[in-house]
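Trainee: Here it is, the structure in full.
The values are calculated or read from the model by the stated rules, or taken from the named source; none is laboratory data. Quick caveat, the model's predicted, so the values are computed rather than measured. Here the Cβ is made from the backbone with ideal geometry for all residues, glycine too, and neighbour counts use every protein chain on show.
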Amino acid sequence: MKKYYFIAVGGALGALLRFELKNSPTLFQFSDPIINLALTILFINLFGCLILGSLNAVFSKTERISTDLKLGLTAGLVGAFTTYSTFCKESLNILDAGYLRFFCTYVAASI
C-alpha cells in the first residue's frame, strides 16, 4: 500500500514540474507560441529520459533505496513529468497550424 503513496506523491510533483515548465515564458523565445510550446514539451520529454536513465543507473548500483521510493521517482515523478498525451496534443496543434516540416521534425526528434 505504501508504494501507491510514493507513486501518487511523485506523480503530483512530476505533473507540477511539467506544468510550471510548460507555462514558463522564458524557456524558449520564438515568435510563434505553438513552436515555443512544442519545443518546451520536447525539452521536458528529453530531460525526463535523461533523468530516468540516470535514476536507473543509480538504482542498479545500490540496494539501499527502497522499491517504494524507486517506484515513486520513476513511475510517479518521471512518469507524470513526461507524458505521451501532451506530446500527442502538441503534435496535432503543430499540424493544425500548418507547420508540416516542423511537425515531422518534432515527431522524429521526440521518438
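Trainee: So if I check each of 21, 69, 52, which one is at pLDDT below 90 and in contact with a helix residue (DSSP H, G or I) (Cβ under 8 Å, 6 or more places away or on another chain)?
Mentor: 21
Trainee: Suppose we filter region 14-57 for residues that are over 14 Å from residue 82 (Cβ atoms) and either in a loop (DSSP other than H, G, I, E, B) or hydroxyl-bearing (Ser, Thr, Tyr) (or both); how many remain?
Mentor: So the answer is 10.
Trainee: While we're looking at this one, here's another question. State the number of residues belonging to region 1-50 that are of a type in the set (D, E, K, R) and loosely packed, with under 12 Cβ neighbours inside 10 Å.
Mentor: Total meeting the criteria: 1.
Trainee: Identify all residues within region 78-90 that are modelled with pLDDT under 90 and not basic (Lys, Arg); write none if there are none. Write out each step before concluding.
Mentor: Our first condition is that a residue be modelled with pLDDT under 90; within region 78-90, this holds for 83-90.
Selection gives 83, 84, 85, 86, 87, 88, 90.
Trainee: Follow-up. For the condition without any contact (Cβ under 8 Å) to a residue 12 or more places away in the chain and not hydrophobic (A, V, I, L, M, F, W, C), what is the one hit in 105, 82, 86?
Mentor: So the residue among 105, 82, 86 that is without any contact (Cβ under 8 Å) to a residue 12 or more places away in the chain and not hydrophobic (A, V, I, L, M, F, W, C) is 105.
Trainee: Would you mind stating whether residue 110 is in contact (Cβ under 8 Å) with a residue 12 or more places away in the chain and either exposed (fewer than 14 other Cβ atoms within 10 Å of the Cβ) or not hydrophobic (A, V, I, L, M, F, W, C) (or both)? I'd like the intermediate steps shown before the answer.
Mentor: Details: in contact (Cβ under 8 Å) with a residue 12 or more places away in the chain: yes; either exposed (fewer than 14 other Cβ atoms within 10 Å of the Cβ) or not hydrophobic (A, V, I, L, M, F, W, C) (or both): yes.
Judged against the criteria, residue 110 is a match.
Trainee: Another question, then. Taking residue 66 as the residue in question, decide whether it is hydroxyl-bearing (Ser, Thr, Tyr) and loosely packed, with under 12 Cβ neighbours inside 10 Å.
Mentor: So residue 66 does not fit the description; no.
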